[in-house]
Amino acid sequence: MKHLAKLTLLVAVLGLSACGGNNFLGGGGMGAGAGGAGAGAAGDPNSVAYFNETVGDRVLFEVDQSTLTDQARATLDDQADWLLRNMEYNVLIEGHADEQGTRDYNLALGARRAAAVEAYLMSRGITDARLSTISYGKERPLAICSEESCYRQNRRAVTVLQAGGAGA
Amino acid sequence: MTRFYTTLLAVLLAIASLGPQSVVAQDSPGPLRIEITEGVIEPLPFALPQFIATNSGAEDAAGDITRVIAADLSGTGLFREVPRSAHISTVTSFDSPVQWNDWQAINVQALITGSVTMEGGQLVVRFRLFDVFAQQPLGSGLQFVGSPDSWRRMAHTVADNVYQRITGETGYFDSRVTFVAQDGPKNARLHRLAIMDYDGANVQFLTDSRSLVLAPRFSPDGDRILYTSYESGIPRVYLMDLDTVNRRPLEDDTLTMTFSPRFSPDGQSVVYSAERGGNTDIFLLNLATGDRRRLTDAPSIETGPSFSPDGTQIVFESDRSGSQQLYIMPVSGGEGRRISRNDGRYGTPVWSPRGDLIAFTNQQDGRFHIGVMRTDGSEERLLTSSFLDEGPTWAPNGRVIMFTRETAGANGAPAIYSVDISGRNLQRVSTPGMAADPAWSPLLQ
C-alpha cells in the first residue's frame, strides 16, 4: 500500500497550503475582483463600489435564456459608459445559471450568457482586449433557496472589475 | 488497475487439491439461477456462515471478509441472507461435508463456505458455492492470495464470483468510484476530487479544495481520470494519473472553456466540449498525436458526449431543437440523429458498457429523473424521480446505475445513489460527506 501512503501525504500537504484562502465570495464576483485597491466610496462615481452598486454589476436572465432583456441592456449601457470613463479597468464577465439544469448544460448556458454581455459591451465601444468571460454554470449560486425568488437572482451575468486596463 | 493495490496478487487457483468436495462445475447451470433481466421480486436466500479462520492471524480478516461478501450480495437486492441465528448446521471446517437437510430446512438455496489463512504474511482465502437443493457445488472452489491490506478486494472478488455463477453475468463489486466530495454552505461550496471503493470504503482525496472541480471520468483501464478544474482560472479538462496523482491540462494552449470529457473505449482519445464566444461544440483529441478534430459545428449547445463501447458512435446532447435532446453521431462527427422523443429535456447521456442502453437525465415539470432507453430511443424507462437527480454512471456490468441526487432548499445537499436498471433497489451510497458526480470504474484487474 505504498501508493496510499504517498497519496495521503500529498493531500495533507496541499490541504495545509489551502487553509485560509478559500473565500469564493470576494466582492460581487467569484473570481479575483478589484474589491481592494481603488474600491473607494460608493459616493465617488469612479469607484468600484459605485460601479457595483449604483451602475449595477449584474444583469438577470429568463429561464434557460441568454437573450438580454430591456432592463439588462439599460444596465449594460450604463456599464459601458462607466467603463469608457474608467479606462484603467478591465472586466471579467461571469455567467451563471440556476440549479434547475444539468451540470454540463448549465456550464454552457452560463458561457452563453457571459458571451451575450460581452458582445453587447463590445457593441457599445468596449474593446475586446478589456473583456474576458468565464462560466460557473450552477456551481456558485448567490441565493440558496430552491424557489423562483432565488433562481431569478442566480440566472445572472456579473461584470467583475479588474485593475490593469490601459489607464493603469 | 493495480495502482492502489499493487500487493494484491489476485491469484485464482482452482483448488482441486482441497479435498473430496472440490468437484468441477457441472455443465448445466442447474436450478440455482437468477435471470437479472426478468427483474427479481423475491431475492434468492443464501447462507454465509462466517469463514473459518484456520490460524490465529486470520481471525479478524475472516470476520471482515465474510461481512463484506454478505453486504455485496445483499446490496444487489437479488439475494437475501438467511441470518446465522437461523442456521441449524455449524460449519467448523472448510472441508466438512455439507449437511444438505439442515440448509434445505431453512430454505437456503445458495450456501457459501470459506476459510481464511495467514501464510507467510499473505492472506489466503478459499471459498465454495453450493446449490443446496441440487445438493451440488456450483462451480469449483477457488483460492485467492493477497496482502492483508487487500482483504476488501478479496471479499469483493469472492462476491463477484458468486454473483457471476448464479446470474451468469459479470459482477461489479471489485470496482471503484471517483466523485466530487463537497463541503461548506450552498453558496460557498468546496470541492475535492475523491475516489473510493464501490461500496464507499477506502475514501481517498485526489485534490485539495482550492479549486472548483467537476465530474471526473475513468479511463477504460481505470488507471487515469479526466475531470474539469478551475485551477488555471478558467474551466479546463485535466488528465490525472491515479498511480502518481500527477495531473496536467488536457491541452496546453486552449484559452477557452473545455469540459464534459470522456475517454474513447480504447483509451487513446478524449471527446469533450469546448466553448468559444458562447458557443459550445464537441471535439475529439488524440492523446498520442495531439490532433484535435471538431465533431459538431452548430450555434447551439452540444455537450455531454459519450462513446459507444465499440468506439464507432457518440451519443451527446444538443439544444438545437430549442431544448436539450439526445443525438447519436458517427465518431467522425456530424449532425447526428435525434433519439429522445418523449416529454421534457434530456441530458448527460451515457452509453452502457454492454452497448444496449443509454442512461440519461430527464427534466420535466420541475422534477428530474434518471432513465434508460435503447440506442434507437425506444423502450424508454424513467427509473427515479426527485427534486434533482442527474449524471448517471454505469456499473461495469451495465446492470446498475449510480447518480447524483441533490435535495432542495438552502440546506440542500448532494449525495450519491444507486438504482438497478429495473428501477428497483434504490439506495444511497455511503460517503463521508456531501458527494456528487460519481463515475464508476471498470472491474479492477
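The values are calculated or read from the model by the stated rules, or taken from the named source; none is laboratory data. The model shown is predicted, which means the values in this text are computed figures rather than measured ones. Note: ideal-geometry Cβ built from the backbone for every residue, glycine included; neighbour counts use all protein chains shown.
The strands (runs of 3 or more DSSP E) found entirely in the range B:150-237 that carry 2 or more residues being modelled with pLDDT of 95 or more and of a type in the set (Val, Ile, Thr) are B:176-183, B:224-229. Every condition in (1) surrounded by fewer than 14 Cβ atoms within 10 Å (Cβ to Cβ); (2) in contact (Cβ under 8 Å) with a residue 24 or more places away in the chain holds for B:Leu326 except the one numbered (1). Here the range B:256-287 is the region considered, the condition is being more than 22 Å from A:Val117 (Cα to Cα) and of a type in the set (D, E, K, R), and the residue that is farthest from the chain's Cα centre (by Cα) is B:Asp266. Restricting attention to the range A:106-154, the residues that are β-branched (Val, Ile, Thr), buried (at least 17 other Cβ atoms within 10 Å of the Cβ) and more than 9 Å from chain B (Cβ to nearest Cβ) add up to 2. Candidates A:Ala80, A:Ala116: the one that is hydrophobic (A, V, I, L, M, F, W, C) and under 15 Å from the mean Cα position of the chain (by Cα) is A:Ala116.
Going by the structure shown, is B:Asn161 in contact (Cβ under 8 Å) with a residue 24 or more places away in the chain, at the interface with another protein chain (Cβ under 9 Å from one of its Cβ atoms) and within 30 Å of B:Gly77 (Cα to Cα)? Judged against the criteria, B:Asn161 is not a match. Sort out which residues of the range B:395-445 are outside any loop (DSSP other than H, G, I, E, B), touching a helix residue (DSSP H, G or I) at 6+ places or on another chain (Cβ under 9 Å) and within 14 Å of chain A (Cβ to nearest Cβ), and write them in order of number. B:Thr404, B:Ala436, B:Asp437, listed by residue number.
For the range A:58-105, filtering for residues that are among the aromatic types (Phe, Trp, Tyr) and within 14 Å of chain B (Cβ to nearest Cβ) leaves 2.
Would you confirm, using the coordinates I've provided, whether B:Gly290 is farther than 30 Å from A:Ala119 by Cα and modelled with pLDDT under 95? Spelling it out, B:Gly290 is indeed farther than 30 Å from A:Ala119 by Cα and modelled with pLDDT under 95. Of all the listed residues (B:Thr407, B:Thr361, B:Thr393, B:Thr431), the sole one being assigned by TED's automatic domain parsing to the domain that holds B:Ala181, in contact with an Asp or Glu (Cβ under 7 Å, 6 or more places away or on another chain) and polar (S, T, N, Q) is B:Thr361. All conditions but one from (1) among the polar types (S, T, N, Q); (2) free of Cβ contacts under 8 Å to residues at least 60 places away in the same chain; (3) within 14 Å of chain A (Cβ to nearest Cβ) apply to B:Ser219; the one that does not is (3).
Residue by residue, here is whether (1) free of Cβ contacts under 8 Å to residues at least 60 places away in the same chain; (2) in contact with a Cys (Cβ under 8 Å, 6 or more places away or on another chain); (3) among the aliphatic types (A, V, I, L, M); (4) assigned to a strand (DSSP E or B) holds:
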{"position": "B:Gly334", "(1), (2), (3), (4)": "yes, no, no, no"}
{"position": "B:Asn342", "(1), (2), (3), (4)": "yes, no, no, no"}
{"position": "B:Val350", "(1), (2), (3), (4)": "yes, no, yes, yes"}
{"position": "B:Gly355", "(1), (2), (3), (4)": "yes, no, no, no"}
{"position": "B:Phe360", "(1), (2), (3), (4)": "yes, no, no, yes"}
{"position": "B:His369", "(1), (2), (3), (4)": "yes, no, no, yes"}
{"position": "B:Val372", "(1), (2), (3), (4)": "yes, no, yes, yes"}
{"position": "B:Asp376", "(1), (2), (3), (4)": "yes, no, no, no"}
{"position": "B:Glu390", "(1), (2), (3), (4)": "yes, no, no, yes"}
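Among the candidates B:Arg354, B:Arg341, the residue that is over 20 Å from B:Phe263 (Cβ atoms) and surrounded by fewer than 24 Cβ atoms within 10 Å (Cβ to Cβ) is uniquely B:Arg341. When A:Thr159, A:Thr127 are checked against the criterion of being within 11 Å of the chain's Cα centre (by Cα) and of a type in the set (Ser, Thr, Tyr), A:Thr159 stands alone in meeting it.
Report yes if some residue within the range B:329-339 is away from chain A (no Cβ under 14 Å), closer than 24 Å to B:Ala408 by Cβ and not hydroxyl-bearing (Ser, Thr, Tyr); otherwise report no. The answer is no, given that none of the residues of the range B:329-339 is away from chain A (no Cβ under 14 Å), closer than 24 Å to B:Ala408 by Cβ and not hydroxyl-bearing (Ser, Thr, Tyr).
Checked against (1) away from chain A (no Cβ under 14 Å); (2) under 30 Å from B:Tyr238 (Cβ atoms), B:Val180 meets all criteria but (1). Against the conditions (1) closer than 30 Å to B:Pro438 by Cα; (2) away from chain A (no Cβ under 14 Å), B:Phe130 satisfies every one except (1).
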